[in-house]
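The values are calculated or read from the model by the stated rules, or taken from the named source; none is laboratory data. Note that the structure is predicted; figures quoted are calculated from it, not measured. Here the Cβ positions follow ideal geometry from the backbone for every residue, glycine too, while neighbour counts run over all protein chains shown. What goes into the accessible areas is simple: the full protein's heavy atoms, side chains included, and nothing from ligands, DNA or RNA. Shrake-Rupley method; radii C 1.70, N 1.55, O 1.52, S 1.80 Å.
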Amino acid sequence: MDGWQFWIDRGGTFTDIVARAPDGGLSVHKLLSENPERYRDAAIAGIKSVLGIPPGRPIPAGLIDQVKMGTTVATNALLERRGAPTLLVVNRGFADLLPIGNQARPRLFDLAIRKPSMLYRRVAEVAGRIGADGQEIEPLDPDEVAALFDEARGEGIEAVAIALIHAWKYPEQERMLAELARARGFAQVSASHEVSPLLRLVPRADTTIVDAYLSPILRRYVAQVSGELPGDARLYFMQSHGGLAQASRFKGKDAILSGPAGGIVGAARTAAMAGFEEIIGFDMGGTSTDVALYAGGFERAFETEVAGVRMRAPMMAINTVAAGGGSILSFDGARFRVGPESAGASPGPAGYRRGGPLTVTDANIRVGKIQPAHFPAIFGPDGDRPLDAETVRRKFAALAGEIAGATGTRRDPRDVAEGFLRIAIANMANAIREVSVQKGHDVTRFALACFGGAGGQHACLVADELGMNTVLIHPFAGVLSAYGMGLADQTVMREQAMEIPLAPEALPRLEAEAGRLAAEARAALVEQGAVPEGIAVKRLLHLRYHGTEGALIVSLGPLGEIIADFTKAHRARFGFATPDRAVTVEAVAVEATAAGHRIDE
């Protein structure tokens, strides 16, 4: 018999746990993510509850085999700017590299433009430069750099991000800087040639600063969880691209979508069991709604922006809107608004008996979709009590009076709640259109795989809004992100910029580079406990027409197949293709996977 396995999704409002007993039986548990009166960490509290261990007692060895987790720790640290104090090291003359960025102006007509704050506390320019041909133009001065690092340490800086020109191809100076920084005892040293070995200095630097900024926070959380577990329990974390990594390999740049990625894996695996190969994942939780498309394979984005921060790292192509069960409902004197603020786990919605504001959950209570008598009694700071429907009715009545005073039109409080729900539905439907219709997919061909604690309350209305005919709800839909942790593969992804024309003479070089990356990825999985015979590797190319920017991903194979696949993909994504135009290989990538748990029921 195996030991216990725990598959956990630590969300913004709830922490969901699927526990697999040694005999293979599954049980489901749900806790508030924040409940300081009762526990320090919801994941550990849930594990102890399942095992029948009192809160103050340690977990004995021999009980737990594996713990697989997704967490919002990195996402929250990024949103709230609570990462490690970080030093950014760049070439002389490039101190303004990230504030200038790529010159994008997403809100061109705003009268008062507010630029997002930078993640680094300080930027340092260093003498030292390597040219595009690999020749050293200016050497590094180790003494100057050492003094700079000592000064930064004295200011309380914990992490260093290093991003130099042309380091994706010629990383020698970055390696020297990283060695000097590690010798000075920084908690985290991230060098761009290791974090994101791709062209273009700005996205490479963006990704490196995210990794340096978040990795110490993640490491502390990992240490907190692993410190509560027995030493023989294996701990894995979900990465943004949908694969698990051993806790010691969990890095900041790969943690932004840790929780939502588990949900997409769970939706894809359970849909396949039910015979559906094309789905739209619809995950409505307490804080937000995440949607993603799956058509026989996971769709990934390689350049994204989260919380005003650009980064280039493989992530699930997930679109998120601030329309969760805890999204706050408000009236600004002229219109109804849903979110983006959330009541979270504390104080939570008005019905949670903690003095919270009206939320989407409360609207569902008011219209009768949520029946307090059929809800688990987990609310109230002084003990387990049912949802408070009376407070919800009273607050909606007061809001209806406020609306009448501002507009001169009196509306029934139940109609007010329905109006807020219609706005939330419209927001969620638009998010689905962005991952489907805007990418050339006919959304009506897909099944809506609904999950998340609040998904079932809205799935039919969302499907009606989009013209979808099938809604799929798994028995574990309320905790599917946690269930997906258990079904996910261990995955390692590697990529390397190439920037060469796609031609017959280039294929040997591409094959050799893919082989090198595949060997690295295989070795990394074996170090994490994977069986070598069970590892599968995909070899991929990032291709684009010469002179364009939009790279598409196709499998590495014979030249004719590569061109045919690229032409087909370009036509599907952009509506046209020009087969006679020259094609550039932007990068080679590999994806190595070791199969995760499989359940055939």
> Residues in segment 520-530: is at least one touching a His at 6+ places or on another chain (Cβ under 7 Å), on the phi < 0 side of the Ramachandran plot and surrounded by fewer than 19 Cβ atoms within 10 Å (Cβ to Cβ)?
Replying inline: no
> From the set of residues in segment 531-549 that are touching a Ser or Thr at 6+ places or on another chain (Cβ under 9 Å) and assigned to a loop (DSSP other than H, G, I, E, B), which is surrounded by the most Cβ atoms within 10 Å (Cβ to Cβ)?
Replying inline: 548
>> Here is a list: 286, 266, 259, 281. Which entry is within 21 Å of residue 536 (Cα to Cα), buried (at least 24 other Cβ atoms within 10 Å of the Cβ) and in contact (Cβ under 8 Å) with a residue 40 or more places away in the chain?
In response: 266
> What number goes with the only condition from (1) touching a strand residue (DSSP E or B) at 6+ places or on another chain (Cβ under 9 Å); (2) in a loop (DSSP other than H, G, I, E, B) that residue 231 does not pass?
Replying inline: (1)
>> Whether any residue in segment 224-244 is closer than 19 Å to residue 596 by Cβ, free of Cβ contacts under 8 Å to residues at least 12 places away in the same chain and either charged (D, E, K, R) or surrounded by fewer than 21 Cβ atoms within 10 Å (Cβ to Cβ) (or both) is what I want to check.
In response: no
> Within the bounds of segment 572-593, is there any residue that is surrounded by fewer than 17 Cβ atoms within 10 Å (Cβ to Cβ), part of a loop (DSSP other than H, G, I, E, B) and of a type in the set (D, E, K, R)?
Replying inline: yes
>> Cβ contacts < 9 Å: first residue touching a residue at least 24 places away in the same chain (Cβ under 8 Å) and basic (Lys, Arg), restricted to segment 81-108; second residue open to solvent by 30 Å² or more (accessible area, probe 1.4 Å) and part of a loop (DSSP other than H, G, I, E, B), any location; separation 6+ or different chain. Result?
In response: 81/117; 81/307
> What tally of residues in segment 177-222 results from selecting those that are within 21 Å of residue 314 (Cα to Cα) and in a helix (DSSP H, G or I)?
Replying inline: 23
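Looking at segment 552-564, which of its residues are surrounded by fewer than 18 Cβ atoms within 10 Å (Cβ to Cβ) and in contact (Cβ under 8 Å) with a residue 12 or more places away in the chain? Steps first, answer last, please.
Going residue by residue through segment 552-564, those that are surrounded by fewer than 18 Cβ atoms within 10 Å (Cβ to Cβ) are 555, 557-561, 563-564.
555, 559, 563, listed by residue number.
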> Quick one: which strands (runs of 3 or more DSSP E) sit completely within segment 10-83 and have at least 1 residues that are open to solvent by 40 Å² or more (accessible area, probe 1.4 Å), of a type in the set (D, E, K, R) and farther than 17 Å from residue 228 by Cα?
Replying inline: 26-32
> When you go through (1) open to solvent by less than 70 Å² (accessible area, probe 1.4 Å); (2) part of a loop (DSSP other than H, G, I, E, B) one by one for residue 174, which number turns out not to apply?
Replying inline: (2)
